[in-house]
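Below: the structure, in structure tokens.
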Amino acid sequence: MADSRQAGANRPIPPRMTAVLLTGHGGPDVLELREDVPTPEPGPGEVLIEVGAAGVNNTDINTRIGWYSKKVGAATGAGRAGGFDEIDPDDATWTGRPMTFPRIQGADCCGRIVAVGGGVDAGRVGERVIVRTMLRSYAGGGPYECWTFGSECDGAFAQFARAPAAETFRVRCDWTDAELASIPCSWSTAENMLHRAAAGAERVLVTGASGGVGSAAVQLARRRGAHVIAVAAQAKAGEIRGIGAHRVIDRDADLLTELGPDSVDVVIDLVAGKAWPALLDLLRRGGRYACAGAIAGPVVALDLRTLYLKDLSFFGCTFQEDIVFENLVRYIERGEIRPVVSGVFPLARIAEVQDMFLSKGFVGKLVLEPPPS
């Protein structure tokens, strides 16, 4: 069913808005819900979006708890209660540079354009849009240079958000705002991993397959004609098979026993941790490994002989070529994919929902909705 909420293009935009401010690195107490935050104004080449929904992602939580700091070697869940005490604030973001506080986080944004800045077609007002999470406009557009929406600039945990017009995409579909808001970060991350690894009609293993990125990777790999093997909690196996996995292996199982060595062509990894070495043993000679997360722990044991004697290719996946997000919009409009949204909650419950996110007791995405403006 189409989302019936309409952005108020013909009514005044309030000077103040409700938003969640990240005030520092730490636990949920550093998230401050405010109702008096100045509403942003679009500058040249920018649009102002009335946010309809904003997805919850690992990157928002990782930044809040300081997990990106190289002083942290633990799994992401270890910082859920109060963050990490041992972080270095100078490298506690994905860029390795200090965070600017306060910051409005929210890497996923779906909403309607309500105002435009200089040089932007006024006819775009009223469009329902999503924002590319990995922004190139503000970073100069050079190779491997990008900002994350909600990290280096304010994001979608608010009633209004400002974004580059060129990286704000109109999407024509009958999805709800919550469904569209589940796409930008998780699905572009998954598509980027598959794109970089050139995955096709071959055997693809996806770790962490019940999460937002993992469940997206299952669908997107299946779309490419792959035989998809998913790794996840057995209790979620039915749901994951329902979105396209040919086989689901329990996350606590011995993968080498289940599949055998040299049995897969591509590994899409979001977990890492102590079990990581087995992933390389699973890859055939000339296989490809792509990584965009390490929720079970970022420090792994690598036997370089496995890497070079098997002629493996490794892909670290953050920066995205423009085609990645553009393709996602095409997949949506052609009806080739459909996200799994497990829950939609008021923005005011952000701390509770992020804790729920870290519990990993669901398949797909959790989404927040700001109050009507």
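Below is a table of values for the structure above.
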{"read-out": "Residue selected from segment 142-193 under the condition among the small types (Gly, Ala, Ser) and surrounded by fewer than 22 Cβ atoms within 10 Å (Cβ to Cβ), by the criterion farthest from VAL341 (Cα to Cα)", "value": "GLY142"}
{"read-out": "Residue in segment 338-360 that is nearest to LEU31 (Cα to Cα), counting only those that are modelled with pLDDT of 95 or more and among the β-branched types (Val, Ile, Thr)", "value": "ILE350"}
{"read-out": "Segment 271-298 residues that are hydroxyl-bearing (Ser, Thr, Tyr), paired with ones that are at pLDDT 95 or above and in a loop (DSSP other than H, G, I, E, B) (beta carbon under 8 Å, 6 or more apart)", "value": "TYR289/ALA197; TYR289/LEU312"}
{"read-out": "Filter pass, THR93 being surrounded by 24 or more Cβ atoms within 10 Å (Cβ to Cβ) and either of a type in the set (S, T, N, Q) or more than 20 Å from VAL367 (Cα to Cα) (or both)", "value": "no"}
{"read-out": "Per-region count, segment 110-154, residues farther than 24 Å from SER186 by Cβ, assigned to a loop (DSSP other than H, G, I, E, B) and at pLDDT 95 or above", "value": "7"}
{"read-out": "Qualifying positions in segment 86-126 - among the acidic types (Asp, Glu) and out of contact with any helix residue (DSSP H, G or I) (no Cβ under 9 Å at 6 or more places or on another chain)", "value": "GLU86, ASP88, ASP90, ASP91"}
{"read-out": "Residue check for GLY293: under 16 Å from the mean Cα position of the chain (by Cα) and either within 26 Å of ALA233 (Cβ to Cβ) or in the same structural domain as GLY260 (by TED's automatic domain parsing) (or both)", "value": "yes"}
{"read-out": "Counted residues, segment 235-264 - those being in contact (Cβ under 8 Å) with a residue 24 or more places away in the chain, in a strand (DSSP E or B) and under 17 Å from LYS360 (Cβ atoms)", "value": "1"}
{"read-out": "Residue match in segment 110-124 (condition: under 16 Å from VAL367 (Cα atoms) and surrounded by 18 or more Cβ atoms within 10 Å (Cβ to Cβ))", "value": "yes"}
{"read-out": "Pairs, first in contact (Cβ under 8 Å) with a residue 60 or more places away in the chain and surrounded by 13 or more Cβ atoms within 10 Å (Cβ to Cβ) in segment 308-333, second in a helix (DSSP H, G or I) and of a type in the set (Phe, Trp, Tyr), C-beta under 7 Å, six or more apart", "value": "LEU328/TRP187"}
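The values are calculated or read from the model by the stated rules, or taken from the named source; none is laboratory data. What you see is a predicted model, and the numbers here were worked out from it, not measured in a lab. Methodologically, a virtual Cβ is constructed for each residue, glycine included, from the backbone with ideal geometry; neighbour enumeration extends over all protein chains shown.
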